[in-house]
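One structure is given here, and the rest of the page talks about it.
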Amino acid sequence: MRLPERQLAVLEAASATDERTMDEIATETGLKPETVTGAAFDLRDEGLLAVTETTTAVAELTEEGRDYVADGLPETRLYRAAVDAGAASSAAPMGEVIGRADLAGPEVDIALANLPRKGLGTIDSGDLTVDPAADPDGDPEATALETLADGGSVDDEGVLDRLASRGLVDLAERTTRAVTLTDAGVDALMEGVEAAETVGQVTPELLASGEWADVEFAEYNVEADAPAVEGGRKHVLRRTADRVKDVLVGMGFQEMEGPHADSDFWINDCLFMPQDHPARTHWDRFALDVEPMAEIPPALIDRVETAHRDGWGEDGDGYHSPWSADFAREVALRGHTTSLSMRYLSGYAGAELEPPQRYFSVEKVYRNDTLDPTHLLEFFQIEGWVMAEDLSVRDLMGTFEEFYRQFGITDIRFKPHYNPYTEPSFELFGDHPETGEEIEIGNSGIFREEVTGPLGVDCDVMAWGLALERLAMLTTGAEDIRDLHGTLADIDFLRNAEVSY
């Protein structure tokens, strides 16, 4: 009998009494695992080998899970800090305990959510009390993490599911294939098997020399398993953004561009946002330690300050609150791309301002929000505005209905809302296609005279800011915004998700 070299090597490495895995044979023969697998299936088809498959569930620690093995789960650290603060005998201020626990960022919310869930303590009106009889050392989740870190296995599916839902382990199925010699395989080896030189593909040299007529070609098994090869593809958010741009350009809009780091003047002051507004504190914005922005037209600063102090127009009243040009010049990461709209509407960005005009942008913004399934610290905003005479709310609503119709979304709902910079103002809502949950997808309105007047605009301007990620959630069915981008992104989802419209 003659067999290709790779098949002969696998046949000789197999045993008639013991199962040998593909990896073991690959190590012994020096062949690639996928080559061994293909040869084994070929030999199985010829009746020389028996192939068995065993599927097992495996759990692997994520990077966050490994961090918690080293540092402890956030709720455990919070419990121990609370005991140190005396919360086992009387309530302790939650802020003090969090400080003692050295928790940062998302760990705070994680600890506060899991502490009562595990019966370690209670939280009431900002005070924290813990159960002195609780045993954080016996926490099955912490024990499971340590077991996995030591290379062991965890059989409790409930604990594994909980750790997976927290993003601390990745659950997957692993298929192990093993081979044994059949009686026919043993007989073939005893009778003697010769290696046959085989060719995997026709080459120009074989054709030119005529040797192709004398060589033996390897058979190609289309049913053999092969390792998955994931090619590159455009990110689902980028594909959604490209579609948004195509739709808006088709509706007659031009695209805006501008800096991610900008002065508070363009980000908020031009929008008639009072300087003592809570959204302008460090709790909601990312200030940068850089030199203040100097190149702002002085006359425009004066007009905006006048609007803040005294209002604009005959009925204007202003805020009568402190206003500082120094604060206006401070630089921060933009919390919305409306800063671009202010630059363009003022003529500072060189835009054509003879009405009617339509402009848009799809760019990233930054907000100091709490991470959850619908909020991120940075996300993409679909900014847009229309300048024309005699615009109405009907024009605004009709624009949205036409825009979302291009994505197959027809049930858009509007809710009256308050903004310092638009009147009237509306929030937009749509239903998630998978969960049915109502999701806020944008904010809109018609700019107030206090916004357009200082910019030199004497006609109506309707504007909006829509969330690109939430639109992507509606079009792809993603249930968590963190599946789309960030450190917790679901790679399998991104590989397979389609943007439907």
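Within 13 Å, Cβ to Cβ, of Phe426, how many net charges do the neighbouring residues add up to if Lys/Arg are +1 and Asp/Glu are -1?
Working: positive: Arg394, Arg413, Lys415; negative: Asp395, Glu401, Glu423, Glu427, Glu440.
Every neighbour counted, the sum reads -2.
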Using a cut-off of 9 Å between beta-carbons, work out the net charge of the residues near Asp284 (Lys and Arg +1, Asp and Glu -1, Asp284 not included).
-> +2
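Take each of the peptides 252-261, 51-60, average the number of other beta-carbon atoms within 10 Å over its residues, and list them starting from the highest. List each step's numbers first, then the result.
Details: 252-261: 14.8, 51-60: 12.2.
Sorting 252-261, 51-60 by mean packing, highest first, produces 252-261, 51-60.
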What is the set of long-range amide H partners of Val199 at a cut-off below 5 Å, with H atoms built 1.01 Å from backbone N?
-> Glu216, Phe217, Ala218
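Rounded, prolate or oblate, given the Cα gyration tensor of the stretch 72-129, with a/c below 1.5 counting as rounded? If you can, show how the numbers build up before the last one.
Details: a/c = 1.44, a/b = 1.26, b/c = 1.14.
It is rounded, given that a/c, with a ≥ b ≥ c, falls under 1.5.
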Projected onto the charge dipole of the chain (unit charges on the beta-carbon of Lys, Arg, Asp and Glu, signs +1, +1, -1, -1), the Cα from Pro259, Ala467, Leu271 with the largest positive-side position is that of Leu271
Cα-based helix-to-principal-axis angle, 393-405 vs the chain, degrees rounded to 10 = 10
Using the Karplus equation 6.51 cos²θ - 1.76 cosθ + 1.60 (θ = phi - 60°), what ³J(HN,Hα) coupling, rounded to whole Hz, does each residue of the stretch 350-357 give in order, writing x for Gly and Pro?
-> x, 6, 6, 10, 7, x, x, 9
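Report, in debye and to the nearest 20, how large the dipole of the chain comes out about its Cα centre when Lys and Arg carry +1 and Asp and Glu carry -1 on their Cβ. If you can, show how the numbers build up before the last one.
Values: 39 positive and 102 negative charges, 275 e Å.
Here the size comes out at about 1320 debye.
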Degrees separating the helix 74-84 axis from the principal Cα axis of the chain, which is the longest one = 60
Most packed first (mean Cβ within 10 Å per residue), the peptides 100-107, 36-43 order as 36-43, 100-107
Relative to the longest principal Cα axis of the chain, at what angle does helix 140-149 sit, 0 to 90 degrees, rounded to 10?
-> 60
What residue among Gln357, Ala497, Val457 has its Cα farthest toward the positive end of the dipole of the chain, where the charges are +1 on Lys, Arg and -1 on Asp, Glu, each on the Cβ?
-> Val457
Non-local residues with an amide H under 5 Å from the amide H of His336, with H modelled 1.01 Å from N and Pro and chain starts lacking one, are Tyr366
Report, by chain and number, residues whose modeled amide H sits under 5 Å from the one on Gln254, excluding near sequence neighbours (fewer than 5 apart, same chain).
-> Arg358, Tyr359, Phe360
Could you please state, rounded to a whole Å, how far the C-alpha centre of the stretch 417-455 is from the C-alpha centre of the stretch 160-180?
-> 44
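What ranking, highest mean first, results for peptides 476-488, 315-327 when packing means the other Cβ atoms within 10 Å averaged over each residue? Could you put the intermediate results ahead of the total?
Values: 476-488: 18.5, 315-327: 13.2.
Listed from highest to lowest mean packing, they are 476-488, 315-327.
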Evaluate the distance, in nm, between pseudo-label points positioned 7 Å from the Cα of Val222 and of Leu371 along their respective Cα→Cβ axes.
-> 4.6
If every Lys and Arg gets +1 and every Asp and Glu gets -1 at its Cβ, then about the Cα centre the stretch 177-309 yields a dipole, in debye to the nearest 20, of 1320
Using a ≥ b ≥ c from the Cα gyration tensor of the chain (square roots of the eigenvalues), is it rounded, prolate or oblate, where a/c under 1.5 gives rounded and otherwise the larger of a/b and b/c decides, a/b for prolate?
-> oblate
Applying the Karplus parametrisation 6.51 cos²θ - 1.76 cosθ + 1.60 with θ = phi - 60° to the phi angles of the stretch 305-317, what ³J(HN,Hα) value in whole Hz is obtained for each residue in order, glycine and proline being reported as x?
-> 4, 4, 4, 5, 7, 10, x, 9, x, 5, 9, x, 10
With the charge dipole of the stretch 287-428 built from beta-carbon charges (+1 for Lys and Arg, -1 for Asp and Glu) about the Cα centre, the Cα from Ile409, Trp323, Ser392 projecting farthest to the positive end belongs to Ile409
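Let me have the relative contact order for the chain, percent, based on Cα pairs under 8 Å that are six or more residues apart. Show your work: numbers first, answer last.
Working: 813 pairs, mean separation 66.5, N = 501.
This gives 13 percent for the chain.
Based solely on its DSSP helices, what 222 nm [θ] is calculated for the chain when runs of n ≥ 4 H residues each add -39,500 (n - 2.57) and the sum is averaged over all residues, nearest 500 deg cm²/dmol?
On the way: 20 runs with 184 residues, N = 501.
Calculated at 222 nm, the ellipticity per residue is -10500 deg cm²/dmol.
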Local electrostatic count at Val130 - Lys and Arg +1, Asp and Glu -1, tallied over other residues with Cβ under 15 Å | -4
Convert each backbone phi in the stretch 364-372 into a coupling constant with the Karplus relation 6.51 cos²θ - 1.76 cosθ + 1.60 (shift: θ = phi - 60°), then list the ³J(HN,Hα) values in order as whole Hz, x for Gly and Pro.
-> 7, 10, 9, 9, 7, 9, 7, 5, 7
Output the antiparallel fraction of DSSP beta bridges having both residues in the chain, as a percent to the nearest 5.
-> 90
Taking every DSSP beta bridge that has both residues in the stretch 237-496, what percent is antiparallel when rounded to the nearest 5?
-> 95
Computed for the stretch 237-496: size of charge dipole around the Cα centre, +1 on C-beta of each Lys and Arg, -1 on C-beta of each Asp and Glu, debye to nearest 20, value 540
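The numbers here are math on the coordinates, done by the rules we state, and not lab data. Since this is a predicted model, take the numbers as computed values, not measurements. FYI the Cβ positions are ideal-geometry reconstructions off the backbone, even for glycines, and counts take in every protein chain you see.
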